[in-house]
Amino acid sequence: MSVSLYQSGMSGLLAAQQQLATTGHNISNVNTDGYNRQRAEQNATVGLNNGNNYIGGGTYIQDITRLYDQFSHKEQITNQSKLGNADSLHARLTQLDQVMSTSGNAVVGSLDQFYQALNGVADNPNDSGLRSIVLNQANTLSNDFNQLTNNLDQMTKSINGEIEQVASKISEISQELAKINETIMHSQQGGQPNDLLDKRDQLIGELSNYTQVNTVKDANNVMTVMIGQGTTLVAGITPMTLQVNAGDPDSQQTELRLVSGSSSVALKGSTLGGSLAASFEFRDEHLSQTRTEIDRLAMAISSTLNDSQASGLDLNGLQGVNIFTDINSTQLQQGRVLAHSGNSGSTQAEITITDVSKLTTDEFEIRFEGGNFTLYNLTSGSSENLGPPILPSGGTHKPSSPDYGFSFVETGTPAAGDKFTIIPTKNSAALMQTTLTDGNAIAASTAIGVTPSTNNVSDGKIEIINVMNPEDAKSFTGTGLTVDVVESAPGSGIFDYRVFDTATPPALITSGNYNAGDSEVVDLPPLPGTPAFQIEISGNLVGSGTNAREEFSINDAFGVGNGKHAVAMAKTQEVGVTNGGKETFSKSLAVSTSVVGAKASNAELTADTAQALFTQAYNRNQSTSGVNLDEEAANLLKFQQAYQAASQIISTANTIFDTILAAVR
């Protein structure tokens, strides 16, 4: 009996000791990330048959189990991935919002100050000091565009650096997981390695912050880890790594590849989930969209003011030259075409801008296939056949359905499969410079003007609508031109016009007619000469009396104090140019800034929601797997008492045994 009692006491003592050790282990790891609390599973030993009944033989610890709920853990890592994605995107969009609110507002301010200075020249066109202010403000405007795009460039570099860091970290985790898998595989026969399983799950949790994670375990508890849409990162004891390569064709658009041994496959970063997908989404969508809009605005401002400048005369009576960098400079045209590294042909290509108002923020690609160049709009999914290459000297291909505001210019011989990424607005803000250096070269004066006869009675009018060459226009008008208009027959609704010079007798230069309600655009000088300017005749020009003519004079308008063209240039601030001519310069930038702000605000709401969902999932998982100090303290007391009681059983067994020995002596 004493032996049986002794065995029961020893088993209870050992069981209590293991219970205490397990409880102590739980308490020690209360602050250990990824730790799942453990429990010593205690069972009674099978009783011994003494002939009439079974006498208990004590207890034993069957196993140290890990309190783990795979469903709540899966929910936690899923929400961890969503939180990592939302937090990262929110942080980046907030940063972009700050850049647009500071550097973007600087552009708005310098643009307003430029136009204020231009209005000053319109009021006092001969004031050299005011002309210098216009140049200073033009320099400030171009510098502010340079600074804004530089800030966007820095964000791109920062994102690329973050992508490299995350890819490196994922590769490290992959290798660690493979090692743990191998250790688990070799240790399964000696019981479940709970702490190794915790470490593995902790790594899975860390990985889920960077990317979406799915796992599958085999019969040996060895785990296969998949990221994104099912790409295997760890196959049992074999790890794969992530590699970051320069983008093709844009080296700044870095790309990911999954490397296994000597082979690798491309990964689409935006589909990986977690913070990694957020980095790609931000860089390739939100940041790229904002950059394109800023480039388009810089191009629109440069093009509009350069074109307007070219229509007027400077202080020396010469045609105005560009204020800002020519939007179709060789450097800009060539930079808009990015040839893919796999191209085998000799084609050199450029993009020429034909109409800034038609430029969109869409992405394009031109492919040479089936003997033709085909333009693909990667944003809308549409395509257009641009025709075959123009050999041997090359040629121009202009999209027409729709007209995107640019032409594709190619030389050389393409090869089948050659591809070119087209970015029509690329580098417009970064390369925007104030090229005008002499304030006297500001074309504040108009070359010609129209004056109606004092005898005119109708509301019809003649306007100068386009001056292609103000010097030639000034020269052609000479001592003046006369335009008269008369209705062919009373009530006919057909109006005849004639243009004369002021020679004696006047010589007819050109004539024609138009219908009531329409207007007529007239090139002067007419073909076959080279037009220097255009006039538009409109309205019902019916004079007072039968067959009475309405007359207008067109004269050289250049002279001291003429600031009319500066007035016209200043009015470009109020004209819709971008987005199909719907938005002014200021509105275009305001829309871009507000869109970024709205995205940042929405991202904040998404991040808050993701945080709440993650917290709920984490708490649910912790309710099963987390260490509760109050519960462990109670267990500690309970197992301590059990240990003391088991010790007392052993002491009692010893006393009985001593009594028996004394009785038989």
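Considering only residues in region 504-550 that are touching a Phe, Trp or Tyr at 6+ places or on another chain (Cβ under 8 Å), not in a strand (DSSP E or B) and not small (Gly, Ala, Ser), the one that is farthest from Pro490 (Cα to Cα) turns out to be Pro525. Looking only at residues in region 466-497 that are within 14 Å of Glu550 (Cα to Cα) and of a type in the set (Phe, Trp, Tyr), the one that is surrounded by the fewest Cβ atoms within 10 Å (Cβ to Cβ) is Tyr497.
Considering only region 624-643, I want to know if a residue exists there that is assigned to a helix (DSSP H, G or I) and under 29 Å from Ser275 (Cα atoms). Yes, some residue in region 624-643 is assigned to a helix (DSSP H, G or I) and under 29 Å from Ser275 (Cα atoms). Would you mention how many residues in region 42-62 are under 60 Å from the mean Cα position of the chain (by Cα) and surrounded by 13 or more Cβ atoms within 10 Å (Cβ to Cβ)? The qualifying residues number 2.
Quick check on region 179-187. Is at least one of its residues touching a helix residue (DSSP H, G or I) at 6+ places or on another chain (Cβ under 6 Å), part of a helix (DSSP H, G or I) and crowded, with 18+ Cβ neighbours inside 10 Å? Yes, some residue in region 179-187 is touching a helix residue (DSSP H, G or I) at 6+ places or on another chain (Cβ under 6 Å), part of a helix (DSSP H, G or I) and crowded, with 18+ Cβ neighbours inside 10 Å.
I'm checking my understanding of the structure. Among residues of region 434-449 that are out of contact with any strand residue (DSSP E or B) (no Cβ under 7 Å at 6 or more places or on another chain) and more than 30 Å from Thr482 (Cα to Cα), which one is surrounded by the most Cβ atoms within 10 Å (Cβ to Cβ)? Out of the qualifying residues, it is Leu436.
Just one of the listed residues (Asn245, Asn160) is exposed (fewer than 14 other Cβ atoms within 10 Å of the Cβ), touching a Ser or Thr at 6+ places or on another chain (Cβ under 9 Å) and more than 27 Å from Phe614 (Cα to Cα), and it is Asn245.
The single condition among (1) in contact (Cβ under 8 Å) with a residue 24 or more places away in the chain; (2) within 33 Å of the chain's Cα centre (by Cα) that Leu605 does not meet is (1).
On the stretch given as region 128-150, residues that are surrounded by 19 or more Cβ atoms within 10 Å (Cβ to Cβ), under 33 Å from the mean Cα position of the chain (by Cα) and not β-branched (Val, Ile, Thr) total 7.
Among the residues examined, Ala598 does not qualify as farther than 30 Å from Asn29 by Cβ, assigned to a helix (DSSP H, G or I) and in contact (Cβ under 8 Å) with a residue 60 or more places away in the chain. Take the conditions modelled with pLDDT of 90 or more, closer than 23 Å to Glu551 by Cα and either in a strand (DSSP E or B) or not hydrophobic (A, V, I, L, M, F, W, C) (or both) and apply them to Glu463. Does it pass? Criteria met by Glu463. Just one of the listed residues (Ser8, Ser28) is at pLDDT 85 or above and of a type in the set (Ser, Thr, Tyr), namely Ser28. The set of residues in region 398-422 being in a loop (DSSP other than H, G, I, E, B) and either crowded, with 19+ Cβ neighbours inside 10 Å or without any contact (Cβ under 8 Å) to a residue 60 or more places away in the chain (or both) consists of Lys398, Pro399, Ser400, Ser401, Pro402, Asp403, Tyr404, Gly405, Pro414, Ala416, Asp418.
At least 3 residues being buried (at least 18 other Cβ atoms within 10 Å of the Cβ) is the threshold, and among the strands (runs of 3 or more DSSP E) wholly inside region 290-397 those reaching it are 348-353, 364-369, 372-377.
To keep it simple, each residue is scored yes or no on (1) modelled with pLDDT of 90 or more; (2) not hydrophobic (A, V, I, L, M, F, W, C).
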| position | (1), (2) |
| --- | --- |
| Asn181 | yes, yes |
| Ser187 | no, yes |
| Gln192 | no, yes |
| Arg200 | yes, yes |
| Val213 | yes, no |
| Val216 | yes, no |
| Val222 | yes, no |
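Against the test of being crowded, with 16+ Cβ neighbours inside 10 Å and assigned by TED's automatic domain parsing to the domain that holds Asn31, the options Asn635, Asn621, Asn579, Asn654 yield a single qualifying residue, Asn635. The residue that is nearest to the chain's Cα centre (by Cα), among those in region 401-427 that are hydroxyl-bearing (Ser, Thr, Tyr) and under 16 Å from Ser357 (Cβ atoms), is Thr425.
Quick one: would you say Gln229 is within 20 Å of Gly274 (Cα to Cα) and either part of a strand (DSSP E or B) or assigned by TED's automatic domain parsing to the domain that holds Gln611 (or both)? Yes; evaluated as a whole, the condition is true for this residue.
The values are calculated or read from the model by the stated rules, or taken from the named source; none is laboratory data. Source: prediction; values computed, not measured. Backbone-built Cβ (ideal geometry, glycine too); neighbour counts: all protein chains shown.
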